[in-house]
Structures are given as C-alpha cells and as structure tokens.
Amino acid sequence: MIETLAYIVADPKTKRIMQEEYWAALNETLWEKQVIAQTRKIATLSSKNATQTRQIMELRRLLQQAGIDIYGCSEEI
C-alpha cells in the first residue's frame, strides 16, 4: 500500500526507476521458478534413468545365469 502511494506521488524519473525495479524483481522470480522446475525435471529423469539402469543390470545378470551371452549374441548349450 505504501509503495503504491509512493509511486502515485513520485516524479516521472522516480516512477521509471520504481517500474524497472518492479519488473526486474518479477523477472528474477519467474526465472527462479523456471530453474526450480527444470531442476525437479532433471532429478525425476535421473531417478528414472537410475531405475532403468538397475533393471538392465538385473536382466543381464539373469540372462548370464541362464547361460545366455548377450554381448556375443551366442547361447551356451
């Protein structure tokens, strides 16, 4: 409320400075939100990747126990 009143009575130069400060703060807040959202997305993808890697390793282990060579594509008989 006080900031609004100060803006109303301010001279044009001060109003411009106040507007620039307002938009700079707003842009910074929006940028921070975008960074947080992207960080969460990366963390989710990393978690999914780690899960998939564990599943692949388990499948390889099971195939190896079954005598199936997945690297040379040959099967032990």
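Below are the figures for this structure:
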| read-out | value |
| --- | --- |
| Extended-chain gain in nm, criterion 0.36 nm per residue less alpha-carbon gap, LEU63 and LEU45 | 3.8 nm |
| For the chain: span of alpha carbons on each principal axis (Å, largest first) | 91, 21, 7 |
| Tilt relative to the chain, helix 12-65 - C-alpha long axis, 0 to 90 degrees, to 10 | 10 degrees |
| Those lysines that a straight Cα-Cα span of less than 30 Å connects to LYS33, excepting residues fewer than 8 apart in one chain | LYS15, LYS41, LYS48 |
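No value in this document is a laboratory result; all are computed from the given coordinates. These figures come from a predicted structure and were not determined experimentally.
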